[in-house]
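Okay, structure first, notes after.
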Amino acid sequence: MRKVLTFLSNTIATIFAILFVITAVLVIFLFNIDRQMFSADLYKSALAEQQVYERLPGIAAELLTTNMTSNPCAQNPLLCEDISPELKACYEQTLGNEKYVTLASGKEKPTEAEMQAIQPCLDKYGNPGGGDQGRMPPFMQNLKASDWETIISILLPANELQTIAENILDQMLMVKRTASAFRW
């Protein structure tokens, strides 16, 4: 009986020792990952290596020109949000309430026949996408992406963008480190 208990206790001790070693290795591994994942230097070097600060004005310029030239309301007047109640009532009367809701939500595109059917409504109450309300002034709309890139590069040089981004990273990761310090 004593030999059985000794064997059983040795087996349990061995199992606990193996589990302890596995747990210790896992904790050390996760601790180092946490320390590196939330290191601002990792992200700073990645952004610098990918030349993000030099490319950012070009990316912003492309977004600006795309947003300025796109007018979904002009392409499909049923997608306009700020329309007069009279125009909406005319759309609903012409297309039917259910069809108008489907087309106005963008779930379906209007057919040529539906666009022709709502044309009298647009003629009578005005085209909601035709005005310049909320759009950039014409002289700014004529700027190309390369012009915007030049303007942005002058206003925010790469070294200043890098300084701003690195300060933000430092602040964000400092908040994370402070919060995790309170967990322990």
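Here are the numbers for this structure:
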quantity	calculated
Yes/no for Leu42 being touching a Pro at 6+ places or on another chain (Cβ under 6 Å) and on the phi < 0 side of the Ramachandran plot	no
Test result for Glu86, modelled with pLDDT of 85 or more and part of a helix (DSSP H, G or I)	yes
Residue in segment 102-121 that is within 30 Å of Leu42 (Cβ to Cβ) and either loosely packed, with under 14 Cβ neighbours inside 10 Å or in contact with a Pro (Cβ under 7 Å, 6 or more places away or on another chain) (or both) present	no
Residues located in segment 4-53, provided they are surrounded by fewer than 10 Cβ atoms within 10 Å (Cβ to Cβ) and within 29 Å of the chain's Cα centre (by Cα)	Glu49
Pairs where the first residue, in segment 104-120, is within 11 Å of Leu78 (Cα to Cα) and the second is part of a loop (DSSP other than H, G, I, E, B), C-beta under 8 Å, 6+ apart	Lys109/Asn76; Pro110/Asn76; Ile118/Pro110
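The values are calculated or read from the model by the stated rules, or taken from the named source; none is laboratory data. None of these values were measured; they are calculated from a predicted model. A quick note on method: Cβ atoms are made from the backbone with ideal geometry, for glycine too, and the neighbour counts reach across all protein chains shown.
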